[in-house]
Amino acid sequence: MFRRDQDNDGPAAASPLRIGQKQPIRSKNVSVIGPTLVFKGELSADEDLVIEGTIEGTIAHHKKNLTIGNKGRVTADIHASSVLVEGELNGDIHSDGLVSLANGAAVNGNIYCARLVMEDGARFNGKIEMVMPTPLKVASAPDDVAEEFVEPENLTA
């Protein structure tokens, strides 16, 4: 009925967080920097990260989700797969995926990302550069397969 040995490592663990979605704090693959912790230097991790404390330096979090909670105060350049900002950030964000700025977020810096969501009430000061993700390469059809083009007005229902 109840099993303690099950992991929470399903597909939802790797998906980028959206505004209003809460980070699973007790998940096995999430680290939390609490509100009383102050860190200066280069921070890097290979798991999702929630920052509620104060960080100064750089954050290298290339293939994981990074959340700056509403108590988080970060002065750093960030490199992460996806970034959710609810608190304060002074620095640039570099993301291959989604950057979300929640109501109450304050960001001073540039954003380089593929997708951006900015909720009403978020404050942003800087420039945004949208980077297109690399398109998937589709294998071409074999030469012996004939392609037929049908004009739209010649279609019958």
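Working only within segment 63-106, note down all residues that are of a type in the set (A, V, I, L, M, F, W, C) and not in a strand (DSSP E or B).
In the first step, residues of segment 63-106 are kept if they are of a type in the set (A, V, I, L, M, F, W, C); the result is 66, 68, 74, 76, 78, 80, 83-85, 89, 93, 98-99, 101-102, 105-106.
Scanning segment 63-106 gives Ala102, Ala105.
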Given the conditions (1) modelled with pLDDT under 95; (2) closer than 14 Å to Leu84 by Cα, every one holds for Glu52 apart from (1)
Right, Pro16: at pLDDT 75 or above, assigned to a loop (DSSP other than H, G, I, E, B) and surrounded by 14 or more Cβ atoms within 10 Å (Cβ to Cβ) or not?
no
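Let's see how each residue does on (1) at pLDDT 90 or above; (2) crowded, with 20+ Cβ neighbours inside 10 Å; (3) in contact with a helix residue (DSSP H, G or I) (Cβ under 7 Å, 6 or more places away or on another chain); (4) under 16 Å from Ile128 (Cα atoms):
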position: Asn29; (1), (2), (3), (4): no, no, yes, no
position: Val32; (1), (2), (3), (4): yes, no, no, no
position: Thr67; (1), (2), (3), (4): yes, yes, no, no
position: Lys71; (1), (2), (3), (4): yes, no, no, no
position: Ile78; (1), (2), (3), (4): yes, yes, no, yes
position: Val85; (1), (2), (3), (4): yes, yes, no, yes
position: Asn110; (1), (2), (3), (4): yes, no, no, yes
Looking at segment 34-47, is at least one residue of a type in the set (A, V, I, L, M, F, W, C), under 19 Å from Ser100 (Cα atoms), part of a strand (DSSP E or B) and modelled with pLDDT of 90 or more?
no
Do the conditions hold for Asn103, that is, is it under 21 Å from Arg123 (Cα atoms) and either at pLDDT 95 or above or surrounded by fewer than 19 Cβ atoms within 10 Å (Cβ to Cβ) (or both)?
yes
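The values are calculated or read from the model by the stated rules, or taken from the named source; none is laboratory data. All of these numbers come straight from a predicted model, not from anything done at the bench. Heads up, the Cβs are rebuilt from the backbone with ideal geometry, glycines too, and the neighbour counts pull from every protein chain shown.
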